[in-house]
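Have a look at the structure below before the remarks.
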Amino acid sequence: MAAPEIPVVPSGTAPPARVYRHRLPTRIWHWINAITLLILLMSGLMIFNAHPRLYWGEYGANPDPAWLAIGSTPKTGYLRVGEWRIETTGVLGRWTDAAGDEQTWAIPGWATIPTSYNLADGRRWHLFFAWVLAIGLTLYMLWSLFGGHLRKNLHVRRAEWSPRHIWRDIRDHARLRFPAGEAAARYNILQKLSYISVIFIMLPLMIATGLSMSPGFNAAAPWLVDLFGGRQSARSIHFLVAFGLVAFFLVHIVMVLLAGPVNEVRSMVTGWFRLPPDRGEGA
Amino acid sequence: MNGIILPRRQLIARAGGLAAAAGALPLLAGCDAINDAPAVRKILSMGEVMHQHSQRALTDRNALAREFTRADLSPVFRPNGTRLPEGAAYAAHAARGFADWRVTVSGLVNKPLSLSLADLRAMPQRTQITRHDCVEGWSAIGEWTGVQLSRLLAAAGLRDRARFIVFRCADRIGDANYYESCDLIDALHPQTILAWALNRQVLPIANGAPLRLRIERQLGYKHAKYLTGIEAVASLDSIGSGKGGYWEDRVDYEWYAGI
């Protein structure tokens, strides 16, 4: 592929400047992942329906204390986290399905694959797309490492680590003041940190905690489940990191919408990004 | 002037876009049609096959499941599956303390066996404290005592054509008695035992009395309870609908439950 190695900002002042921002592997991986993570989340929520309780330690079943539980009373649904409990009737624990029937599964049908309770099918989707995630992530990590993506785009420069720089970036984000001109061609510090944490921390954690729930894998490599403090702890961490990824997704979508969805989505499809006109002030 | 790039109207328009996306939610019902398509199910089941083959290829086939200490035991061991088999025959056995219970070893063996609990208890025993992982997600740790399946199969003499071991059970669920199966790697594994005791007590009915399988590197539904028969076969094609187990045949649970 005869692609430029780094974003190339055409010289001169003729607007609108376009840069080649995302190389093909990034674009392919991005969209495969978008679908894969959605399927893994929804099928994972179906699996969670089979036992909507989370524990710490090696064991945990109905007679044991759960730190999180979704359940139902004769009239309501609830979510309990530790001592804190809220009524979630209509959403969690007790809800009405598309046919108008009341259900007491933890997660409503619109959020699960398939839409009505089926542990076997939920597992089938989950365990298939786990492969797509693991293989895709491995290839993307290798490409990032050897293809220069990590070094050129994600590497956090020394100046960016300064608290003042990070604080200013946080303030700019909070004020919806997005980079313009040439600065928009590069990832800012918050983007770098969030992409690094997704690629190198959260997704590997999902795979490692997922494998730690496999009794076959536990026998072969007991050190992994030990690292997480037991199988039920691994299950809890799997759930928490999944919601970390959901949080990333929500912020990601809001940022794309605010920064110009057409331009942003186009750059993730074709690779080409139109630079927002410079505001004419020091970056 | 440049502080906020997006004018309010633009923000509202974009919020409208979000709402439109939410309108696409009914499309999710289409997911169920995809879920039920035979071609999709076939592709998805490849994931299971890949897990089985990668675990068999990349990990030690004889690796032992972690054994715990008595300090790690679950205070209450939650039963899985059937808690009380239906029918007068089982009730009569239970009333007699399973004194007449027999388990057979048949199929592709040189010397079929029929053993009482006393016969089994007279053989060398193995005790192991292991974690039981249910397909639903919960786990419980218990102490199991019983006879290694490999000993029974050695006593019966497995024939060369035998590839799988099928487990027959006394608990009827709907239209059939429960059944399960495993390959010879798990059947001959040192921790695969026919357990008659849980936590140093005679096995309770809810946990599979008088005899249940422990197959420690697989999920709970593989651990057949209320065992009546052990059958060596060359293929699973003629067992149930051919997928090797009660739930495998009925709801497509994975036959390889190591994941």
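Couple of notes before you dig in:
- The condition of being in contact with a Gly (Cβ under 7 Å, 6 or more places away or on another chain) and within 14 Å of chain A (Cβ to nearest Cβ) does not hold for B:Asp186.
- Among residues of region A:58-87, those that are over 30 Å from A:Ala219 (Cα atoms), touching a Gly at 6+ places or on another chain (Cβ under 9 Å) and not in a strand (DSSP E or B), counted: 2
- Within region A:209-250, the only residue that satisfies the criterion of being charged (D, E, K, R) and more than 8 Å from chain B (Cβ to nearest Cβ) is A:Asp226.
- Residue match in region A:134-152 (condition: in a helix (DSSP H, G or I), within 13 Å of chain B (Cβ to nearest Cβ) and not polar (S, T, N, Q)): yes
- Among the residues listed as B:Thr82, B:Thr104, the single one being in a strand (DSSP E or B), under 29 Å from B:Leu184 (Cα atoms), among the hydroxyl-bearing types (Ser, Thr, Tyr) and touching a residue at least 24 places away in the same chain (Cβ under 8 Å): B:Thr104
- The set of residues in region B:118-174 that are among the hydrophobic types (A, V, I, L, M, F, W, C), in contact with a Phe, Trp or Tyr (Cβ under 6 Å, 6 or more places away or on another chain) and part of a strand (DSSP E or B) comprises B:Ile129, B:Ala140, B:Ile141, B:Cys169, B:Ala170.
- Of the residues making up region B:56-75, those that are under 20 Å from the mean Cα position of the chain (by Cα) and at pLDDT 95 or above are B:Ala63, B:Leu64, B:Ala65, B:Arg66, B:Glu67, B:Ser74.
- Qualifying residue in region A:7-16 (condition: among the hydrophobic types (A, V, I, L, M, F, W, C) and modelled with pLDDT of 95 or more): no
- Considering residues of region B:53-79 that are touching a residue at least 60 places away in the same chain (Cβ under 8 Å) and exposed (fewer than 11 other Cβ atoms within 10 Å of the Cβ) only, the residue farthest from the other protein chains (Cβ to nearest Cβ): B:Arg70
- Among residues of region B:189-235, those that are farther than 26 Å from B:Glu143 by Cβ and crowded, with 20+ Cβ neighbours inside 10 Å, counted: 2
- Taken as a whole, the condition of being more than 12 Å from chain B (Cβ to nearest Cβ), surrounded by 17 or more Cβ atoms within 10 Å (Cβ to Cβ) and not small (Gly, Ala, Ser) applies to A:Leu205.
- Flag for B:Arg168 being closer than 18 Å to B:Ala65 by Cα and either within 14 Å of chain A (Cβ to nearest Cβ) or surrounded by fewer than 23 Cβ atoms within 10 Å (Cβ to Cβ) (or both): no
- Count of region A:96-138 residues which are surrounded by fewer than 22 Cβ atoms within 10 Å (Cβ to Cβ) and of a type in the set (Gly, Ala, Ser): 8
- Failed item, numbered, when B:Ile259 is tested on (1) of a type in the set (A, V, I, L, M); (2) within 12 Å of chain A (Cβ to nearest Cβ); (3) in contact with a Cys (Cβ under 9 Å, 6 or more places away or on another chain): (3)
- Flag for A:Ala174 being crowded, with 16+ Cβ neighbours inside 10 Å and within 14 Å of chain B (Cβ to nearest Cβ): no
- Scan region B:216-235 for residues that are away from chain A (no Cβ under 14 Å), under 16 Å from the mean Cα position of the chain (by Cα) and in a loop (DSSP other than H, G, I, E, B) and the total you get is 3.
- Boolean, B:Asp186 is at negative phi, surrounded by 18 or more Cβ atoms within 10 Å (Cβ to Cβ), touching a residue at least 60 places away in the same chain (Cβ under 8 Å) and in contact with a Ser or Thr (Cβ under 7 Å, 6 or more places away or on another chain): no
The values are calculated or read from the model by the stated rules, or taken from the named source; none is laboratory data. Just so we're clear, the structure is a prediction, and the values are computed from it rather than from any experiment. Here Cβ is always computed from backbone atoms with ideal geometry, including for glycine, and neighbour counts include all displayed protein chains.
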